[in-house]
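Below: one structure, written as structure tokens.
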Amino acid sequence: MSMPAAPAELLDAAELVRFAAALAGSPEHWRGLVRDDGEARVYETIWSDEHVNAWVIRWPEHADTGFHDHDVSASGIVVVEGAVVEERLALTGPPVARRFGAGQSFHLSASAIHRVRHDAAAPALTIHAYSPPLRRQGVYRTGPDGALERDATPYTEELRAERDGLRR
């Protein structure tokens, strides 16, 4: 299968999921980038232009991004292998959780505050596409006084749950 054509404009929700699925269907272009780094989540850029960027991400056991947002970027995510859980932060109760296994996909609006974590016996593998291209993220944590706080971080900074301080 061939890589998708370069988009001429920003992608909407359905287009992002289709774009990520097309990338997932072209493993000959990214499979060699997937590596085992022990306990760390590994992510590699597989597409980048003015309208969209994308990564392949390997999720080892216990990998968890912690709660974050994608600033102004929406995303389309396809699970290639294994399973992940996506949780949305909820103020009126526990996070709203959705589990996705191999072959399933989902979309996140730019306004979503969420986390993604590994949820299978074997490592998971996902493809993430962002439009506009992901450049910055918001990372959430509980401050010293118990209030929710957000730090803006570059997209190149690794997301980890152990630093977010939010436990539900």
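The values are calculated or read from the model by the stated rules, or taken from the named source; none is laboratory data. Nothing here was measured: the structure is a model prediction, and the numbers come from that model. Cβ sites come from the backbone with ideal geometry, for glycine too, and all protein chains shown count toward neighbours. The protein model used for the area step is the full one, side chains on, heavy atoms only, and it has no ligands, DNA or RNA in it. Shrake-Rupley method; radii C 1.70, N 1.55, O 1.52, S 1.80 Å.
Name, by its number, the condition in (1) under 22 Å from E157 (Cα atoms); (2) open to solvent by 20 Å² or more (accessible area, probe 1.4 Å); (3) touching a strand residue (DSSP E or B) at 6+ places or on another chain (Cβ under 8 Å) that does not hold for V80.
With (1) under 22 Å from E157 (Cα atoms); (2) open to solvent by 20 Å² or more (accessible area, probe 1.4 Å); (3) touching a strand residue (DSSP E or B) at 6+ places or on another chain (Cβ under 8 Å) applied to V80, the lone miss is (1).
Please state which of the following conditions A74 fails to meet, knowing it meets all the rest: (1) under 30 Å from A147 (Cα atoms); (2) open to solvent by 50 Å² or more (accessible area, probe 1.4 Å); (3) in contact with a helix residue (DSSP H, G or I) (Cβ under 9 Å, 6 or more places away or on another chain).
Status for A74: all satisfied but (2).
Name the single residue that is nearest to S105 (Cα to Cα) among those in the range 31-60 being at pLDDT below 95, assigned to a loop (DSSP other than H, G, I, E, B) and among the hydrophobic types (A, V, I, L, M, F, W, C).
Residue satisfying both the conditions and the ranking: V34.
Just for strands (runs of 3 or more DSSP E) wholly inside the range 108-168: which have at least 3 residues that are open to solvent by less than 30 Å² (accessible area, probe 1.4 Å), modelled with pLDDT of 90 or more and not small (G, A, S)?
It comes to 114-118, 124-131, 136-142.
Kindly evaluate E87 against the criterion of being open to solvent by less than 30 Å² (accessible area, probe 1.4 Å), at pLDDT 95 or above, among the acidic types (D, E) and closer than 22 Å to A110 by Cα.
yes
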